[in-house]
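The values are calculated or read from the model by the stated rules, or taken from the named source; none is laboratory data. All figures in this text were calculated on a predicted structure; none of them were measured in a lab. Here the Cβ is made from the backbone with ideal geometry for all residues, glycine too, and neighbour counts use every protein chain on show. Protein only, heavy atoms only, side chains kept; ligands, DNA and RNA dropped before computing areas. Shrake-Rupley method; radii C 1.70, N 1.55, O 1.52, S 1.80 Å.
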Amino acid sequence: MGKIFHHDPAAVGDGEAATHSIALSPHASGRVAEKAAAPAPARLAARPGLVHPPHPPQQPQPADSAYVSPLAVRPLGAAADSSYRRSSARRPTVVTLRSTIAPTIKATTYEERSTDYFDKRQITTANVRVFDQVGLLLAIQLSGLPNGWASFLEYGYGSMLAAILIVNVMFWGLSIVMAEMMSMLPFTGGMSTFARAAFGPYVGYLIGQCEIWEYVLSVGSNLIIVGNIFTHIVGTSSKLEPLWWIVQLGIFLGAQIIGTRFLLRTISVINIVFIVSSLATVLPLYSNIDINYWAINLPYAEAAYDSLPTANSSMAAALRYSFSDNSTDWLSPNATDWLSPNATFNDAGNDTSVDLSQFYPASVWEGLFPAGAQGIFACIAPAIVLFLGIEALPLMAEDSSKYFTRDGPRSIIISMVITSALYWLAIVVLPAVAPGAYELQSATFQNLDPFAVAFGIDSSSGLYLFLAFMIVVTSLLSGTLGLLYSASRIMFALARSGYMPTIVAWTKIPGLKHQIPLPASLFSILATCFIVAVSYLEGGEISDILSAASVYYACICYVATGLSFLYLRFQLPHVTRKFNSGYAGIPSAILIILTAGFGFVETVITTESHVALYLCIGKLALGTLEMIIFHRKHLVLSPEEVFIQSHLGIQIPNIDVSKVSMDAEVHASNPDLARVPDELDIVIEEDEEGTKDEKGAEDMQA
């Protein structure tokens, strides 16, 4: 049975510091034993304000310092398992220390679990390297490329470019920040671990919940779109659309059961098919670019004409490009040259010819930014969702090879280069060719329809359906698989540390060759099924609400990540970072906070319904309540907890905890990676009569 490490709630009062009870593990040194012998608690109890500093002496922490929790030390690895189990039955010596825990923070209790606990919650290392890491990130980030960015054109071509530029720079900053923090804390918890290290278990738990629902909501959107496409391609009834959801979820579950490496390789291969197909349909259009006409003048004129009270509700229905009526004829009966700047257009509703040149903008600036700065601001929050996914890389820590702290930063930079290049190629070229930026807003598939127009491909043809599968379905399917993988890994990490039911982190499944987080995968699938079922039954309105909620969760996670980086950079500068962002780190973190914070506020202001905001607030409130009632008394001293606590300044008699470190280069993919210095590997225990018995005496290392 695990030992309990308790933050005494009775000691938490106004202006008071909390008392921590620390049970040293079965391998403490003689010098620690002398300090931790039976008289020690009484001596400390008699002097409640006393803090034993490490050697050499250090200044006591100020009363307003960051949240500090006790360092628990246990033997790690197979070599220590036998001695640990042999001695764990004895009653350990308890050393009571005083630390500066904020009086407003509820007490938490950590349980030290046996090696068997972690053996059953350990992922079989898939030795994932750069190729599959980049594949996962691209799968998630590029899932918005075929169908997601064209709606920004409502605010003007220039507004869309400016907003995506701002968000793209922000995500470059996020990639730098992520690269540094995951090289310092290479644990599966990702952003939750970063927030936990900086601001304590409550914030870490809430950020973990935000990240889970960020992924789950995005998966739900992808499932619905792919289901619609398959229903159209195959020609099945819309009532059978949920069948295609089950197919996608089954692909994920089957690939995960076969093995994590197989799942990630499947994601990478599908994503390569999408990238090649996307380039094949965009690059041939380069020679047709006319930004001034298709992206500026014509869209502005069409929008101006549509706004007239005398115009048909949809301007020139016979001319409007739409595959919904199986029409691929962009040549109007009364205006046969769409490429001419002076073409006249037939308004089918009024049966009159209209010269749209009279509605052209007065200046290029007005055509690029018809809504002014407000148009740019309105595009920022949705643009954040486009690049969503870069934060999934830290979740691959235990699936990756021992070189994760070196591969991770490389992978995140490579993926950002490819993602940025593909997005900029699409958003610059596609609105600047026929059918133009205005019509592209309502196009069925924004990455495919301009190609179909240029080469006269009918929407009902087999070639069009094949291209739709190769471009749209492959992108969304790989994104779905990547998001489900990410959701399962964050659930696994939270459950293993006690922030969720620990059964969710169970990986030792009978009959399976590899240890995989199958319960976490099933839990992520169930959560996704709930989301798509609600969206399917309630219709489009609930879909808009869930999309807004996804933006809120993402913005909260990014703001917390930026704040965590700043805190850890200033408070823990001594911790080894395999990747150091240097002078770029702090400006990047500030940019993340400002951009994501603005995206959150802008979404609140511009969204007509605040139901999504209320849902997010309610979910976080329920999460906090769940943490207080169910989890705070049963947190687990997982490897990341040991590492985080050891570097937060906890003071243990005669032990310099700054030496407690982790060899991430070698042990990043092993739950037993939190290696404790040898001087902490020996403890004094008392038998039932209270007789002192020193176990595992080893020479202390300086």
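Below, the figures for the structure above:
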read-out: Elements of type helices (runs of 4 or more DSSP H) contained in the stretch 561-649, each with 3 or more residues being at pLDDT 85 or above; value: 585-606, 611-626
read-out: Flag for Ile412 being surrounded by 22 or more Cβ atoms within 10 Å (Cβ to Cβ) and in a helix (DSSP H, G or I); value: yes
read-out: Boolean, Leu145 is within 21 Å of Ile225 (Cβ to Cβ), open to solvent by less than 10 Å² (accessible area, probe 1.4 Å) and of a type outside the set (Gly, Ala, Ser); value: yes
read-out: Among the residues listed as Ile251, Ile267, the single one being outside any loop (DSSP other than H, G, I, E, B), open to solvent by 40 Å² or more (accessible area, probe 1.4 Å), under 22 Å from Leu526 (Cβ atoms) and modelled with pLDDT of 90 or more; value: Ile251
read-out: Some residue of the stretch 529-536 being buried (at least 24 other Cβ atoms within 10 Å of the Cβ) and not hydrophobic (A, V, I, L, M, F, W, C); value: no
read-out: Only one of Thr502, Thr480 that is open to solvent by 10 Å² or more (accessible area, probe 1.4 Å), of a type in the set (Val, Ile, Thr) and in contact (Cβ under 8 Å) with a residue 24 or more places away in the chain; value: Thr502
read-out: Residue pairs meeting the criteria (Cβ under 6 Å; at least 6 apart or on separate chains; first over 21 Å from Ile516 (Cα atoms), in the stretch 241-254; second in a helix (DSSP H, G or I) and of a type in the set (Phe, Trp, Tyr)); value: Trp244/Phe230
read-out: Flag for Val551 being farther than 20 Å from Pro394 by Cα, in contact (Cβ under 8 Å) with a residue 24 or more places away in the chain and not charged (D, E, K, R); value: yes
read-out: Members of the stretch 586-597 that are closer than 13 Å to Val551 by Cα and surrounded by 17 or more Cβ atoms within 10 Å (Cβ to Cβ); value: Thr595, Ala596
read-out: Set Leu430, Leu425: member being touching a residue at least 60 places away in the same chain (Cβ under 8 Å), closer than 12 Å to Leu285 by Cα, out of contact with any Leu (no Cβ under 6 Å at 6 or more places or on another chain) and surrounded by fewer than 20 Cβ atoms within 10 Å (Cβ to Cβ); value: Leu425
read-out: Selection count, the stretch 391-408, where residues are assigned to a helix (DSSP H, G or I) and either open to solvent by 10 Å² or more (accessible area, probe 1.4 Å) or under 30 Å from Leu368 (Cβ atoms) (or both); value: 1
read-out: Count of the stretch 452-473 residues which are part of a helix (DSSP H, G or I) and either open to solvent by 10 Å² or more (accessible area, probe 1.4 Å) or of a type outside the set (Val, Ile, Thr) (or both); value: 13
read-out: Which listed residue is touching a residue at least 40 places away in the same chain (Cβ under 8 Å), surrounded by 14 or more Cβ atoms within 10 Å (Cβ to Cβ) and over 21 Å from Ser550 (Cβ atoms), from Ser278, Ser221; value: Ser278
read-out: Search result, residues across the stretch 126-138 that are in a loop (DSSP other than H, G, I, E, B) and either open to solvent by 50 Å² or more (accessible area, probe 1.4 Å) or of a type in the set (D, E, K, R) (or both); value: Asn127, Arg129
read-out: Filter result for the condition that a residue is open to solvent by less than 40 Å² (accessible area, probe 1.4 Å), over 23 Å from Ala381 (Cβ atoms) and of a type in the set (D, E, K, R), over Arg632, Arg577; value: Arg577
read-out: Met170 vs. criteria surrounded by 24 or more Cβ atoms within 10 Å (Cβ to Cβ), under 30 Å from Tyr567 (Cα atoms) and in contact with a Cys (Cβ under 6 Å, 6 or more places away or on another chain); value: no
read-out: The stretch 435-450 residues that are in contact (Cβ under 8 Å) with a residue 24 or more places away in the chain, paired with ones that are assigned to a loop (DSSP other than H, G, I, E, B) and among the β-branched types (Val, Ile, Thr) (beta carbon under 9 Å, 6 or more apart); value: Leu448/Ile457; Pro450/Val433
read-out: Test: Asp355 is open to solvent by 20 Å² or more (accessible area, probe 1.4 Å), of a type in the set (D, E, K, R), more than 30 Å from Phe187 (Cβ to Cβ) and at pLDDT below 50; value: no
read-out: Selection count where residues are part of a helix (DSSP H, G or I) and in contact with a Lys or Arg (Cβ under 9 Å, 6 or more places away or on another chain), scope the stretch 474-498; value: 3
read-out: Checklist (1) part of a helix (DSSP H, G or I); (2) within 29 Å of Ile556 (Cα to Cα); (3) open to solvent by less than 40 Å² (accessible area, probe 1.4 Å) applied to Leu206, failing item; value: (3)
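Okay, residues lined up against (1) farther than 22 Å from Met491 by Cα; (2) modelled with pLDDT under 95:
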position: Val95; (1), (2): yes, yes
position: Ser99; (1), (2): yes, yes
position: Thr108; (1), (2): no, yes
position: Ser114; (1), (2): no, yes
position: Phe118; (1), (2): no, yes
position: Ala126; (1), (2): no, yes
position: Ala162; (1), (2): yes, no
position: Ile166; (1), (2): yes, no
position: Met170; (1), (2): yes, no
